[in-house]
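First comes the structure, then the notes that go with it.
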Amino acid sequence: MATRFSTFGLLTAASALAFFYSAPPVMAQESTGIEEITVTATRRAEKIDKVPESISAYSTEKMDTLGVKDFADLAKYTPGVDYDPYSHNISIRGIESDAGSATTGVYIDDTPIQIRNLGFNSNDTLPAIFDLDRVEILRGPQGTLFGAGSEGGTIRYITPQPSLTDFSEYARGEVSVTQDGAPSYELGGAIGGPIVEDTLGFRVSAWGRHDGGYVDQVDSANGATDQSNTNYVNTYALRGAVTWAPTSALTITPAIYMQQRKQNNLDDFWLGLSNVDSGNLNTGTPEQMQDDDSFYLPSLKMDYAGRDVEVISDTSFFKRKESVNGYSGTLYNLSYFQQLVDGDSDPWGRKCVAGLCAAYAGMASPPPLLLADGLNLPGYPGNYISVATINNEQKNFTQEVRLQSTDPNARFTWIVGAFYALDQQRSIEAINDPQLPALTEYLWGEKMHRAWKEKLLPNGDDYINDTDGHDEQLAGFANATFAITDTLKIQGGVRAALTHFDFNNYADGPQDFGYENGKGKQNESPVTPMAGITWQFNPDDMVYATYSQGYRIGGANAPTPPACNGDLKKLGLSSAPDSYNSDTVTNYEAGTKDKFFDNRLEAQASVFYLDWDNIQQNNYLPTCGIQYTANLGKAVSKGFDLQGDWLPIDSLDFDFSLGYVDAYYTTSTFAGPKPKPKVQPLALPGEPLPGSKWTASLGAQYSTNWFGRESYIRADYEYNGRATTAGGGTFPGTSDYDPGLTLNPPTNQVSLRAGMQFGELNMALFVNNLLNSRPILDLNHQDQYTLLYEAHTLTPRTIGITAIYRN
């Protein structure tokens, strides 16, 4: 490791000297105040301080200054936002669920790309942070303008549009090294401008990044290292767009966006094989826990700006394919078989009569199949391994047409539109377990067909669940603002939709207890209103109050196999529900946006109360290992967020954020129609929803001239409070309570960055996670009886250099 840092230091010094002597000096410019950012959260361009919503927006320049590489970095600076690095689920103000449809809308320009939880581990994809105009994070339900799936909020990745008048160039390169890990590097460039002045323009970009790993994959049997720094990631992105203006009023912009992300192994490590304090992180999972994710997005935007009315049409087709080992088939199978070996929950009544039991004759019950540091199969012939894969596919067509007024200063401004989407999604979950016959004889002393009543599928799978679903929606929406006076405005809007969902499913294999097939559908007609009032009592100060609603589309369930009947009977159910309905979030919000001291202090704050009703949740049936989705329970979320920028002197800039979210269930929630003796509830009043109550960030940047060049030094601090729950498993008295789980501790991160300008080139040295904080995060195991625990931690201290060229 010393060699890595020494080599990196030499490269850094050489690069800095080369650029220092190759460019003329540039004097620092005096600040004229805090730069404002323009957003399109209301589907029209407005200054962020004039939009009566709680919004965080980050320009590409700001993200470069912060060193942002992905949404996980943005979440650290954004109040009220939590991000799950595994599922890529985004929680805004506590609204997040791993069941049913998405709770947070994710958009690339005007194309929604969020995924439905159709099967198991339906992960969202997120665009890379490169060559973006900005990222907008809209907190609170956005059901009127953005429709289904935006009940907690909306994330918008806005790409740069081709210019018909000016050329621009942008490039970014970076090299870094992670303590106790491997180097990372990236390189990307973008260029755009007119082909024919005022008539035809283009923009193209290409980017690639390698994130080095810091977790080693080892053989748990002998401790040998199979692959060092195994959790590395490679990401590549390409984008191209052309704008044609046949007339001064009409522009036509076809574009294509492609991205590929390949993660070699997850960031999880085994606690029994690791020493977190010394930075020795190891995983003994024998499979490669890969995540291969790629998409392409062709789109066509047409914009006709007349004298009084602007007409905008957006057409797109989003195609994505993900293949992920979302969980370890080896660990899952052994933990599940452990319960069957014990005999109490085995649907076929099998008992442990040979193999493992024979090796431990006389014991009251068989020993664990999984110990803290590995597999426990004494006398088993060979090394047991089973691979679980999940393949998700999306094919989403969307068409939106909007008409809107063109004069932003008119007393009455309006927007009306129509939206159509057809989302085709397929989820295939499979467990490949060719050793199941041998393991069955080892555990139960029986041939497989006798113990399981089924044979392996021809390719060696012992479980497959294949679901093909279709979401279709047709919606009309309208939103209008009327200025009662020059300072007082009222706003109202509504969206009415017709939604349809259907699916075809088949499942097979011993772990599904034989072949099953089924189909289902759900039709609904949700209506989501909003209303608000805004008082701009002077040019620098505004207060507002808003009422809004959001929803996500309902769905249907595949049939459960007969082996699940015992679990359902305990809940008072004869069968799992065929379908589930939409759930809704109602938001009451009040906020203020202000500027002080001649635009040297800018702040926005809001308080909110959210009512989440009819929540779509999963219910897991432990005997058969199957889950279904139902509308179960109610919750509220209340809190506030604050963010701003302060420029006390021209050379010193502070930016800050503070968020508080208190989200919890308000009712006792049971899976069955009525509580039964000894049946624990899924949720209890006061049980918190996943997330952290407190988040905060503080950044300080000092700008000066060093050696006659514009330079800066910046420090950032991010705080994430103690987690409220570990997926529900830490709340006593509920059905998923697991005494072995612990809450995520508070996390604190400090980063430093120092940059210097050389003409159009900015060179910056940085240190992320300066104090090398290594908390144990997301502690988990397969079930409450499994001794093998996994977790992950923050990326260790990383030192690097970034070069950014912008013209």
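The values are calculated or read from the model by the stated rules, or taken from the named source; none is laboratory data. Because the structure is predicted, anything quoted here is derived from the model rather than measured. When we count neighbours, we look across all protein chains shown, and the Cβ atoms used for this are built from the backbone with ideal geometry, even at glycine. We work out accessible area using only protein heavy atoms, side chains counted, and drop any ligands, DNA or RNA first. Shrake-Rupley method; radii C 1.70, N 1.55, O 1.52, S 1.80 Å.
Could you provide, to the nearest whole Å², the per residue accessible area of region 544-617 with probe 1.4 Å?
On a per-residue basis, region 544-617 sits at 39 Å².
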* Taking every eigenvalue of the Cα gyration tensor of region 390-545, multiplying by 5 and rooting it, what semi-axes result, largest first, whole Å? -> 58, 17, 12
* Report, in debye and to the nearest 20, how large the dipole of the chain comes out about its Cα centre when Lys and Arg carry +1 and Asp and Glu carry -1 on their Cβ. => 740
* For a label point 7 Å from the Cα of Ala603 along Cα→C-beta, name the residues of region 37-79 whose backbone N is under 16 Å from it. => 79
* Structure fact -> Going residue by residue through region 285-299, the Karplus relation 6.51 cos²θ - 1.76 cosθ + 1.60 with θ = phi - 60° gives ³J(HN,Hα) values, rounded to whole Hz and with x marking Gly or Pro, of 4, x, 7, 7, 8, 7, 9, 9, 9, 9, 8, 9, 9, x, 8
* Segment Asp486-Glu441, length gained on full extension (0.36 nm per residue, minus Cα span) -> 8.0 nm
* Subtracting the Cα-Cα distance from 0.36 nm times the residue separation, let me have the gained length for Tyr717 to Ala249 in nm, one decimal. => 163.8 nm
* To do: Using R₀ = 60 Å, calculate the FRET efficiency as 1/(1 + (r/R₀)^6) where r is the Cβ-Cβ separation of Val401 and Asp650; round to 0.05.
  => 0.80
* List the lysines whose alpha-carbon lies under 21 Å from that of Lys69, not counting same-chain residues fewer than 8 positions away? -> Lys262
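Tell me the mean residue ellipticity at 222 nm calculated for the chain from its helices only (DSSP H runs of n ≥ 4, each -39500 (n - 2.57), averaged over every residue, nearest 500). Before the final figure, lay out each step's value.
On the way: 8 runs with 71 residues, N = 807.
Dividing the helical sum by the residues of the chain leaves -2500 deg cm²/dmol.
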* Near Lys570, which lysines are there with a Cα under 19 Å away, not counting those fewer than 8 places off in the same chain? -> Lys674, Lys676, Lys678
* **Above-threshold pairs, the threshold being 29 Å between Cα atoms, out of Lys319/Lys521; Lys319/Lys693; Lys519/Lys569** => Lys319/Lys693
* Structure fact -> Diffing region 460-470: the Karplus 3J(HN,Hα) column from phi (6.51, -1.76, 1.60, θ = phi - 60°), in whole Hz with x for Gly and Pro, holds x, 6, 9, 7, 8, 9, 10, 10, 10, x, 9
* Asked: Tell me, what is the Rg over Rh of region 581-738, with Rh the Kirkwood radius over Cα pairs?
  -> 1.18
* **Proximal lysines to Lys447, defined as alpha-carbon separation beneath 28 angstrom and excluding residues fewer than eight positions away on the same chain** => Lys351, Lys455
* Asked: Among Ile195, Ile626, Tyr170, whose Cα sits farthest toward the positive end of the charge dipole of the chain (+1 at Cβ of Lys/Arg, -1 at Cβ of Asp/Glu, about the Cα centre)?
  -> Ile626
* Per residue value of the accessible surface for region 724-807 (all protein chains in place, 1.4 Å probe), Å² -> 40
* Would you compute the Debye intensity of region 460-502 from its alpha-carbon atoms alone, equal scatterers and no solvent, and pass along log10 I(q)/I(0) at q = 0.14, 0.21, 0.33 Å⁻¹ to two decimals? => -0.60, -0.79, -1.07
* Structure fact -> Given backbone amide H placed at 1.01 Å from N, residues whose amide H is under 5 Å from that of Asn772, ignoring those fewer than 5 places away on the same chain, are Arg797
* Asked: What net charge is computed for the residues neighbouring Thr669, neighbours being all others with C-beta under 11 Å from the C-beta of Thr669, Lys and Arg scored +1, Asp and Glu -1?
  -> 0
* Structure fact -> Rg/Rh of region 222-274 (Cα atoms, Kirkwood Rh), to two decimals, equals 1.44
* Asked: In µm²/s, what is D for region 48-192 at 4 °C and 1.567 mPa s, where D = kT/(6 pi eta Rh) by Stokes-Einstein and Rh is the Kirkwood radius from Cα pairs?
  -> 78
* Asked: Residue farthest toward the positive end of the dipole of the chain, with Cβ of Lys/Arg at +1 and Asp/Glu at -1: which of Thr467, Pro685, Ser313?
  -> Pro685
* With all protein chains modelled, accessible area of Ile490 [1.4 Å, Å²] -> 70
* **Accessible-area composition of region 229-282, carbon plus sulfur, in percent [1.4 Å probe]** => 56
* Asked: Can you give the percent of C-alpha pairs in the chain whose distance is more than 54 Å?
  -> 13
* To do: Quick one: pull the percent of accessible area on region 557-621 belonging to carbon and sulfur, 1.4 Å probe, ligands and nucleic acids left out.
  => 53
* To do: Identify, among Asn517, Ala430, Asn599, the residue whose Cα sits farthest towards the positive end of the charge dipole of the chain, taking +1 on the Cβ of Lys and Arg and -1 on the Cβ of Asp and Glu, with the dipole about the Cα centre.
  => Asn517
* What whole-number value in Å² describes the accessible area per residue of region 232-289 for a 1.4 Å probe? -> 41
* Taking one equal scatterer on every alpha-carbon of region 663-807, how large is log10 of I(q)/I(0) by Debye at q = 0.13, 0.18 1/Å? -> -0.74, -1.05
* To do: Please give the FRET efficiency for Val543 paired with Lys519, using the beta carbon to beta carbon distance and R0 = 51 Å, rounded to the nearest 0.05.
  => 0.50
* Structure fact -> Measuring from its Cα centre, region 460-521 shows a charge dipole (+1 at each Lys and Arg Cβ, -1 at each Asp and Glu Cβ) which, in debye to the nearest 20, is 760
* Pulled fully out, how much extra length does the chain show between Asp226 and Tyr86, if you take 0.36 nm times their separation in residues and subtract their Cα-Cα distance? -> 48.1 nm
* Structure fact -> D (µm²/s, integer) via Stokes-Einstein for region 611-657, Kirkwood Rh across alpha-carbon pairs, 37 °C, 0.692 mPa s: value 216
* **Positive minus negative residues near Arg156 (Lys, Arg vs Asp, Glu; Cβ under 10 Å)** => -2
* Set the Förster radius R0 to 56 Å, insert the Cβ-Cβ distance between Trp414 and Leu787 as r into 1/(1 + (r/R0)^6), and round the FRET efficiency to 0.05. => 0.35
* Asked: So which DSSP H runs in the chain come out at 24 Å plus along the axis (Cα) with average Kyte-Doolittle of at least -1.0?
  -> 2-20
* Accessible carbon and sulfur surface of region 405-543 relative to its total accessible area, %, 1.4 Å -> 56
* **Of every Cα-Cα pair in region 156-301, the percent that sits beyond 28 Å** => 42
